[in-house]
1. Taking the stated definitions as given, is ASN66 touching a residue at least 24 places away in the same chain (Cβ under 8 Å), out of contact with any Phe, Trp or Tyr (no Cβ under 6 Å at 6 or more places or on another chain), outside any helix (DSSP H, G or I) and closer than 19 Å to ILE3 by Cβ?
2. Taking interchain pairs and intrachain pairs at least six residues apart, which have beta carbon atoms under 6 angstrom, with the first residue in segment 13-28 and modelled with pLDDT of 85 or more and the second loosely packed, with under 13 Cβ neighbours inside 10 Å and part of a loop (DSSP other than H, G, I, E, B)?
3. Any residue at all in segment 103-114 that is assigned to a helix (DSSP H, G or I), open to solvent by less than 80 Å² (accessible area, probe 1.4 Å), of a type in the set (A, V, I, L, M, F, W, C) and within 15 Å of LEU4 (Cβ to Cβ)?
4. Filtering segment 60-78 down to residues that are open to solvent by 40 Å² or more (accessible area, probe 1.4 Å) and not hydroxyl-bearing (Ser, Thr, Tyr), which residue is nearest to ASN140 (Cα to Cα)?
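The values are calculated or read from the model by the stated rules, or taken from the named source; none is laboratory data. Being a predicted model, the structure only gives us computed values, none of them experimental. As a convention, Cβ positions derive from the backbone with ideal geometry for all residues, glycine included, and neighbour counts pool all protein chains shown. Surface accessibility is based on the protein's heavy atoms, side chains included, excluding ligands, DNA and RNA. Shrake-Rupley method; radii C 1.70, N 1.55, O 1.52, S 1.80 Å.
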Amino acid sequence: MRILIINGVNMNMLGVREPDKYGTISLKDLEKDLYSFSFELGVDIETFQSNHEGEIVEKIHSALNNFDGIVINPAAYTHTSVAIRDAISAVNIPTAEVHITNIYSREDFRQKSLIAPVCVAQISGFGLDCYKLALKGLANYLNNLEIVE
């Protein structure tokens, strides 16, 4: 089983940007932790980060026939990107949306996700644990799909 983990705009600033909200762990350290966790789950992952909407769309497109699932933190694109939403719909790969903070307890403009309706799940508010929860949940979801098929 292969799962692609995508991080959007400003996620390269993890550990530096607003540590009171996002923590002090860098994106590279988060990715190392997720690779270790994925081995425990028996899942092969690939990580990707971009500050450019088009690059994220292209990465989602490239996942077709190459990945079984996607975990995505679209970051600020959550609230603005019809393009990312349409890309997820186009590839029809089960996708879980994650957010480090609880977007529903933040500013009004952050409380609407354009991405969530095309995902199988959304996890937010548990800090960096959201990634592990999404990875484990998506792996279980995909395993259950295989049983049904």
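1. Answer is yes for this residue.
2. These pairs meet every condition: GLY15/THR24.
3. Looking through segment 103-114, none of the residues is assigned to a helix (DSSP H, G or I), open to solvent by less than 80 Å² (accessible area, probe 1.4 Å), of a type in the set (A, V, I, L, M, F, W, C) and within 15 Å of LEU4 (Cβ to Cβ).
4. By that ranking, first place goes to ASP68.
So that you can scan it fast, the table gives a plain yes or no per residue for (1) assigned to a strand (DSSP E or B); (2) open to solvent by less than 20 Å² (accessible area, probe 1.4 Å); (3) under 14 Å from TYR131 (Cβ atoms):
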residue	(1), (2), (3)
VAL16	no, no, no
LYS21	no, no, no
THR24	no, no, no
LYS32	no, no, yes
SER36	no, no, yes
PHE39	no, no, no
THR47	yes, no, yes
ASN51	no, no, no
GLU55	no, no, no
